[in-house]
1. Anything in region A:88-118 that is at pLDDT 95 or above, open to solvent by 30 Å² or more (accessible area, probe 1.4 Å) and not polar (S, T, N, Q)? List them, or say none.
2. Do we find that B:Lys70 is surrounded by 17 or more Cβ atoms within 10 Å (Cβ to Cβ), more than 29 Å from A:Ser5 (Cβ to Cβ) and free of Cβ contacts under 8 Å to residues at least 60 places away in the same chain in this structure?
3. If A:Gln42 satisfies every condition in (1) over 19 Å from A:Lys66 (Cβ atoms); (2) touching a strand residue (DSSP E or B) at 6+ places or on another chain (Cβ under 9 Å) but one, which is the exception?
4. For region B:1-53, enumerate the residues that are open to solvent by 80 Å² or more (accessible area, probe 1.4 Å) and farther than 30 Å from A:Trp10 by Cα.
5. Go through region A:30-53 and count every residue that is part of a loop (DSSP other than H, G, I, E, B) and either within 14 Å of another protein chain (Cβ to nearest Cβ) or buried (at least 20 other Cβ atoms within 10 Å of the Cβ) (or both).
6. Just name the residue that is farthest from the other protein chains (Cβ to nearest Cβ) out of those in region B:1-29 that are in contact with a Gly (Cβ under 8 Å, 6 or more places away or on another chain) and either assigned to a strand (DSSP E or B) or over 15 Å from B:Leu100 (Cα atoms) (or both).
7. Which condition number in (1) within 30 Å of B:Thr106 (Cα to Cα); (2) not aromatic (Phe, Trp, Tyr); (3) not in a loop (DSSP other than H, G, I, E, B) is the one that A:Lys20 fails?
8. Run A:Asn51 past the list (1) of a type in the set (S, T, N, Q); (2) modelled with pLDDT under 90; (3) closer than 30 Å to B:Ala10 by Cα and report the number of the one that doesn't hold.
Amino acid sequence: GAVVSQHPSWVICKSGTSVKIECRSLDFQATTMFWYRQFPKQSLMLMATSNEGSKATYEQGVEKDKFLINHASLTLSTLTVTSAHPEDSSFYICSARDIPVQGAGELFFGEGSRLTVL
Amino acid sequence: SQQGEEDPQALSIQEGENATMNCSYKTSINNLQWYRQNSGRGLVHLILIRSNEREKHSGRLRVTLDTSKKSSSLLITASRAADTASYFCASGRGTSYGKLTFGQGTILTVHP
């Protein structure tokens, strides 16, 4: 199946710093990518929908200035956690939808990026 | 966003036994999907069932969907130790394929 790669897979940073997480579709083009957040032993919560060439659509309660999303190409979306604080520590997972010839396309998930803010 | 409910929250069985996990959701759906997540890893898509389907099979997996009860079940037959993982149902919303609402998940442990 198609591969979605996330980098870094884990990162530790100090409070107040910004952290960028990349989500790449390695062997397909993705006009749409989705960013999820998962706390330990909990479910995934959709944060935002990232559309190539346009602004991301954020879910209710997600601060767009806190979580900056850029989808500059058909294979790359980035999530930047700005001025990170310990409560931002979480597992961030992206998913990407391929562009099918027909149909709705299949959804592929990255391996996730674990952020720990000290 | 509303989250689906899954039960049981945790399930512990012996290898060879069947494992059944249930999922309920609250809003109308286009499809319902089941995913597997090994600890600290990403999600692996298992199976998708559309709202007009009632049952679907894939290998040792069997999924049912009851839209009148807004519920779905995942059955894993002849379980293996390697099936140990968290299992999530996810409902597809509206016309935006890929915008998923996840259930709380079931932690399955299969003892060898």
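The values are calculated or read from the model by the stated rules, or taken from the named source; none is laboratory data. Only a predicted model underlies this, so the values are computations on that prediction, with no experimental measurement involved. All Cβ positions, even for glycine, are placed from backbone atoms using ideal geometry, and neighbour counts span all protein chains on display. Surface accessibility is based on the protein's heavy atoms, side chains included, excluding ligands, DNA and RNA. Shrake-Rupley method; radii C 1.70, N 1.55, O 1.52, S 1.80 Å.
1. Those that are at pLDDT 95 or above, open to solvent by 30 Å² or more (accessible area, probe 1.4 Å) and not polar (S, T, N, Q): A:Arg114, A:Leu118.
2. Yes.
3. Against the list (1) over 19 Å from A:Lys66 (Cβ atoms); (2) touching a strand residue (DSSP E or B) at 6+ places or on another chain (Cβ under 9 Å), A:Gln42 comes up short only on (2).
4. B:Asp7, B:Gln14, B:Glu15, B:Glu17, B:Asn18, B:Lys26, B:Ser28, B:Arg50, B:Asn52
5. 8
6. B:Ser24
7. (1)
8. For A:Asn51, the exception is condition (3).
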